[in-house]
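Bear in mind that the values in this text are calculations on the coordinates, not laboratory data. Predicted model, so just to flag it, every value in this text is computed and none were measured. All Cβ positions, glycine included, derive from the backbone under ideal geometry; neighbour counts span all protein chains shown.
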Amino acid sequence: MSHAANAPQRLTARRSGPLSGRIRAPGDKSISHRAFILGLLTIGETRIEGLLEGDDVLRTGAACRALGASIERLGPGSWRVRGAGLGSLPAPAETLDFGNAGTGSRLMMGVVGGHAVTARFDGDASLRKRPMRRILDPLELMGARVLEQGEGGRCPILLEGTPEPAPIEYRTPVASAQIKSAVLLAGLNSPGRTVVIEREASRDHTEKMLAHFGAQVRSETFGEDGRKITLEGRPKLAPRPVIVPADPSSAAFAIVAALVTPGSEIVVEGMMMNPLRTGLLTTLLEMGADIVELDRRVEGGEDVADLRVRASALKGVDAPAARAPSMIDEYPILAVAAAFAAGETRMRGLHELRVKESDRLAAVADGLKANGVDCAIEGDDLIVRGAGGQAEGGGLVATHLDHRIAMSFLVMGLASRREVAVDDETMIATSFPTFKPSMAALGAQFS
């Protein structure tokens, strides 16, 4: 069932006392998607611990089942996948319904594009608005065919894959881990070498997980900020255990809530510290955030750390466009932090926010204005002029079926003068199904 079929449920956050305690965010969504997909493409048993059991990831799991994987839940966050194997996927009998899962749908298009199967991709009203040509264009260069598509190359899409994906060198038009990953996943079944070149490096979870499962993949610097990724086709993938670290994009809500709620002190456990995912942390520290690393370690091939976060007097900063790929999902919650900061915060180069679950750039600005925050959009920049210390609140925020918009403005309500409501909380389950009880355990007040 897609979210469009669910009745909207309004949720209100009101000014809370100091937040305290410990919280572990759900498993990282990006790695959870990829764990299911690599398990599908590997012959043998893949064990996954800490999987994010949100709707987005479970939709990817359902698609993997439709493409031949045997998937079993062993307990909370613990899953077993027995894959069909690279080059051996059966055609799915029904439409692959990804609900709200942009990452899952785009990565799976890469898988289907590189196999001799035909599959129909669809999702909810939000997913049907998201552009897919950026994924389909390189897949067509590799030999896949788009048999049907919605207006502007959007879902529903009927994609016919190829048993012999052509090895290509592809330069991504924007910094996007989804484009890169789709090309690499299609290239896995290519008889040659697939190369992806990025002008700006995007998150590298696909490359790391491919290597973890035994693929020959090499990543090297390209230009000033870019990467060149080279993949040798048709590797012998071997099943490997996957431990999923805590999602930085989800941990961001508790971190900002503690920073802006007076008197708060919390510990965020096991957050991934991959440098291609910590742009928000870098920006918050520049704003004067009191965040201290505790117990840095390696889990599942990724650096992680516990973070102690204390309420802080934040100041406005200039967040450069080059930092956008490392915090593209965190701009809504950064905008909330900026609303409580003293002075102007300028977030540069946010074009990609216009093609997320919603037009996030417009949705964030509208939500801020509804709550008395002075802000403006100039080109692809978002400018927030914080009054310092407290926001007014009192608004009802239109979420546009976007989970990150919903959670960001609920965080705003915890420290604003007046309560903040969001028009729908149902889609929060796509990435953070335990958001309400986890935050309530720290002292957050919702109704």
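Under 5 Å from the amide H of Asn274 lie the amide H atoms of Asp303, each residue being 5 or more positions distant or on a separate chain, with H modelled from the backbone and absent for Pro and chain starts. Shown in residue order for the stretch 260-273 are the 3J(HN,Hα) couplings computed by the Karplus curve 6.51 cos²θ - 1.76 cosθ + 1.60 at θ = phi - 60°: 9, 8, x, x, 6, 8, 10, 10, 9, 8, x, 6, 4, 10 Hz (x for Gly and Pro). Couplings for the stretch 9-19, taken from phi via the Karplus curve 6.51 cos²θ - 1.76 cosθ + 1.60 with θ = phi - 60°, read 10, 5, 9, 10, 10, 10, 3, 10, x, x, 7 Hz in order; Gly and Pro are left as x.
Along each principal axis, taking the top coordinate minus the bottom one, the Cα set of the chain gives 60, 46, 45 Å in descending order.
Within the stretch 402-447, the trypsin sites (Lys or Arg not before Pro) that combine a DSSP coil assignment with at most 16 other C-beta atoms in a 10 angstrom radius are Arg417, Arg418.
Mind running the shape call on the stretch 257-303? Use the C-alpha gyration tensor, a ≥ b ≥ c as the square roots of the eigenvalues: rounded below 1.5 for a/c, prolate if a/b tops b/c, oblate otherwise. Oblate is the answer for the stretch 257-303, as a/c is 1.5 or above yet b/c matches or exceeds a/b. The magnitude of the dipole of the stretch 15-68, with charges of +1 and -1 set on the Cβ of Lys/Arg and Asp/Glu and taken from the Cα centre, is near 200 debye. Close Lys pairs in the chain (alpha-carbon distance under 26 Å; sequence gap of 8 or more, or different chains): 23.
Highest average first, the peptides 423-429, 225-231 ordered by how many other beta carbon atoms sit within 10 Å of their residues are 423-429, 225-231. As a proxy for reagent exposure, Asp402, Asp380, Asp28 were ordered by neighbouring Cβ count within 10 angstrom, fewest first; the result is Asp380, Asp402, Asp28.
By per-residue mean of other Cβ atoms within 10 Å, what is the highest-first order of 257-265, 341-349?
Packing proxy ranking, top to bottom: 257-265, 341-349.
Under 5 Å from the amide H of Ser176 lies no amide H of any residue 5 or more positions distant or on a separate chain, with H modelled from the backbone and absent for Pro and chain starts.
Order 326-333, 122-129 from most to least packed using the mean count of other Cβ atoms within 10 Å.
On the way: 326-333: 25.5, 122-129: 20.9.
Sorting 326-333, 122-129 by mean packing, highest first, produces 326-333, 122-129.
Sequentially through the stretch 191-201, phi angles give Karplus couplings (6.51, -1.76, 1.60; θ = phi - 60°) of x, x, 10, 9, 10, 10, 10, 10, 6, 10, 5 Hz, Gly and Pro residues having no value and appearing as x.
Any idea what diffusion coefficient the stretch 294-351 gets from Stokes-Einstein, in µm²/s, Kirkwood Rh on alpha carbon pairs, 20 °C, 1.002 mPa s? Roughly 159 µm²/s, to the nearest whole number. Panel note: the C-alpha atoms of the stretch 29-243, placed on their principal axes, show extents of 45, 37, 29 Å (largest first). Per-residue Cβ neighbour counts within 10 Å put Thr430, Thr95 in the sequence Thr95, Thr430, beginning with the fewest. Taking Lys and Arg as +1 and Asp and Glu as -1, the other residues whose beta-carbon sits under 12 Å from that of Thr95 total -2.
Among Phe409, Phe446, a tally of other beta-carbon atoms within 10 Å of each Cβ gives an order, fewest to most, of Phe446, Phe409. Between Gly113, Gly395, Gly379, the GNM of the chain built on Cα springs shorter than 10 angstrom shows Gly379 fluctuating the most.
Quick one: angle between helix 177-187 and the longest Cα principal axis of the chain, in degrees between 0 and 90, rounded to 10, please. So the helix axis and the longest Cα principal axis differ by about 10 degrees. In this structure, the amide hydrogen of Arg171, modeled 1.01 Å from its nitrogen in the peptide plane, lies closer than 5 angstrom to those of Ile197, counting only residues at least 5 positions away or on a different chain.
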